[in-house]
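Working notes for the structure below.
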Amino acid sequence: MCGIVGYVGPRQATSILIDGLRRMEYRGYDSAGVAVLNGKGIKVQKAEGKLSALVEKIGQETIEGTVGIGHTRWATHGAPTTPNAHPHISGDGRIAIIHNGIVENASSIKKALTQRGHTFASATDTEVLAHLIGEYYQGSLEEAVAAALRDVDGAYGIAVVSADEPDVVVAARKGSPLLVGVGDGEWFVASDASAILEHTRSVVYLDDGEMVVLTRVGYRVRTLEVSRIEKPVNQIEWDLATIERGGYPHFMLKEIFEQPESIENTLRGHLLHEEGSARLSGLNLTDEYLGQMERIIITACGTSWHSALIGEYMLEEMARISVEVEYASEFRYRSPIVDNKTLVIAISQSGETADTLAAIREAKRRGARTVGLVNVVGSTIAREVDGGLYLRAGPEVGVASTKAFTCQVAALALVTLRFARLRHLSVLEGRTFIDALQRIPALIQSILDRAPEIEALAKRCEDATNALYLGRGVNFPVALEGALKLKEISYIHAEGYPAAEMKHGPIALIDENMPVIFIAPKDAVHSKIVSNIEEVKARGGKVIALITEGDTEIEQLADATFPIPETLDLLSPLLTGVPLQLLSYYVAVRRGCNVDQPRNLAKSVTVE
Ligand code: M6R
């Protein structure tokens, strides 16, 4: 996730900006930059990669000046290169901007600006905004920013400086956090309190639609329309270490709680409600190709393989296309039957998993078209596929994948919708699917609000040596994922099974010491899973069941239940997956495990 810091005061800005950016490194980023007003104009310095690369560049050419802005970028539009790094400057070079978020109508604004003679040096939406502010500038930076933001759709946290107003930083927010730091004769703006905490604990939190103007004599909060509003100054009491994880004790918990926002980001800009379809131009697949496509192979590893299985259920049921899901490590070494009518979809959070990358290369060699559903922009898989869709989950730091999983499922739902509308799905069915998808973030939030109930359930599992996760249909892969999460971070042996398969073997394991976790929403196979629960209970097993709210039948059978809200059957993994993430988390914490960095595991498996 990108980071913003800005400074106006008596001290040299560059080192304050770099220290602030360093404090936000934990959020993940792939390039960094600063813009400092040095009395003669704006000095911009930026670099791809880690902050040390930027520091090295700056070291060769010291930037003097006491007003400036700094940014760490986590790529969403355009690869993580130096030209795409922030700050970006206006056409005349007099204005510099840093930006978190996504300008959704950037392409239409860019088109209009291009027609008026603007040329662009990067592939970013932010540079478009810089040019737009430059066009509006008539002697007042704050008015130019306000005017430009009235034209913008989407989310932003921005900070802007102008060579013509050397004592001013203007910042604004809508949908992306921003706060003002009130120091002693100096003022800051930051997207994250950790960036400024060593200088001041007094902060003003900006709300959506608000702007701030920092000058050498103070700060003024305003809205796009009203030139001054009053805001309270708050005192931060948390320590730095806590703030870097946003107040959460672990990154994994933070990332679990980010899911309502991350799924919104995955869906943003892709849904076409009127047409009941999805706009996915990045896939680079023509309607003609999709008409001729005969089958799909989805390839991935680990958690991404589980989301691929969910995609198989979605695509086959809604788009009526034959789908196979392959472990990338297997696909690459067998002799897969693949031709130019086969679409191979690779799913990967990191975009660097060696087996998935090799599978894609093998598929291309055999003439298939390839598509990537990848989180990390500019990663190798993202670069090598013929087309793709970024997950926009934000950086995932915890080794156990959580928010990337649900964003992968949301991305597969988008792909399914697009393919299904070209084949069998009616516009009305498409709209119903979109409505249900758009409700998912709020439904996840309602589950997260009940996290303490899951924490209580964790006590029932913490002493187990084995656990069994059972689900049917589209919730069978959720059972696999639930089991993987538990074993990864708590080191309890866990298996995921299709519920009906239990009687073909695993039933022998059932006793009063092994928790059996059923994923049992009220879907088309509900009555079948009720029978499976009875089979476990008849053998003295202890059942914890995820059920649909109001399901009294399973409530009476199970030892403990956790209700989830209703949604479409095919979208239920987006809800059922979340309490299972929380369950593993709380079990691991109770067992004293290193949740964010479990033993033997790497975040990105770049070796075979
Ligand atoms: O980055 P990728 O999605 O390609 O990674 C695939 C697996 O290595 C990954 O999902 C792994 O299973 C995680 N530790 C799961 O939590």
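The values are calculated or read from the model by the stated rules, or taken from the named source; none is laboratory data. Just so it is clear, the structure is predicted and the values come from calculations on it, not from any experiment. As a convention, Cβ positions derive from the backbone with ideal geometry for all residues, glycine included, and neighbour counts pool all protein chains shown. Each accessible area value is taken on the protein alone, full model and side chains, heavy atoms only, with ligands, DNA and RNA left out. Shrake-Rupley method; radii C 1.70, N 1.55, O 1.52, S 1.80 Å.
Quick notes
- Only listed residue being in contact (Cβ under 8 Å) with a residue 12 or more places away in the chain and more than 23 Å from P563 (Cα to Cα), chosen from K503, K487, K522: K503
- Subset of the stretch 479-493 (residues that are within 14 Å of the ligand (Cβ to nearest atom) and either modelled with pLDDT under 95 or under 18 Å from S304 (Cα atoms) (or both)): L480, E481, G482, A483, L484, K485, L486, K487, E488, I489
- The strands (runs of 3 or more DSSP E) found wholly in the stretch 492-596 and carrying at least 1 residues that are under 12 Å from L470 (Cα atoms) occupy 493-498, 515-520, 542-548.
- Qualifying helices (runs of 4 or more DSSP H) (wholly inside the stretch 329-432; at least 1 residues being within 14 Å of the ligand (Cβ to nearest atom) and free of Cβ contacts under 8 Å to residues at least 60 places away in the same chain): 354-365, 380-384
- Scanning the stretch 587-598 for residues that are farther than 13 Å from F251 by Cα and either within 12 Å of the ligand (Cβ to nearest atom) or surrounded by 12 or more Cβ atoms within 10 Å (Cβ to Cβ) (or both) returns V587, A588, R590, R591, C593.
- Some residue of the stretch 155-169 being among the acidic types (D, E), buried (at least 20 other Cβ atoms within 10 Å of the Cβ) and more than 31 Å from the chain's Cα centre (by Cα): yes
- Filter result for V180 (among the hydrophobic types (A, V, I, L, M, F, W, C), under 29 Å from S107 (Cα atoms) and open to solvent by less than 10 Å² (accessible area, probe 1.4 Å)): no
- Here E264 meets each of (1) assigned to a loop (DSSP other than H, G, I, E, B); (2) open to solvent by 60 Å² or more (accessible area, probe 1.4 Å); (3) not hydrophobic (A, V, I, L, M, F, W, C) with one exception, condition (1).
- Residue count for the stretch 268-323, restricted to those that are touching a Gly at 6+ places or on another chain (Cβ under 9 Å) and assigned to a loop (DSSP other than H, G, I, E, B): 9
- A residue that is under 19 Å from V605 (Cα atoms), surrounded by fewer than 23 Cβ atoms within 10 Å (Cβ to Cβ) and hydrophobic (A, V, I, L, M, F, W, C) occurs somewhere in the stretch 369-380.
- Pairing residues of the stretch 222-251 that are part of a loop (DSSP other than H, G, I, E, B) with residues that are open to solvent by 70 Å² or more (accessible area, probe 1.4 Å) and of a type outside the set (A, V, I, L, M, F, W, C), at Cβ distances under 8 Å and at least 6 apart in sequence or on separate chains, gives L224/R150; K231/Y205; I236/R201; E237/R201.
- Among the residues of the stretch 117-144, the ones that are farther than 15 Å from G91 by Cβ, touching a residue at least 24 places away in the same chain (Cβ under 8 Å) and open to solvent by 40 Å² or more (accessible area, probe 1.4 Å) come to 2 in all.
- Within the stretch 537-562, residues that are within 21 Å of N513 (Cβ to Cβ) have Cβ atoms under 6 Å from residues that are acidic (D, E) and open to solvent by 10 Å² or more (accessible area, probe 1.4 Å) in these pairs: G540/E512; K542/D559; V543/D559; T561/E555, counting only partners at least 6 apart in sequence or on another chain.
- Criterion (within 16 Å of the ligand (Cβ to nearest atom) and surrounded by 15 or more Cβ atoms within 10 Å (Cβ to Cβ)) met by exactly one of L582, L575, L568: L582
- Count of the stretch 494-513 residues which are away from the ligand (no atom under 16 Å from the Cβ) and open to solvent by less than 10 Å² (accessible area, probe 1.4 Å): 2
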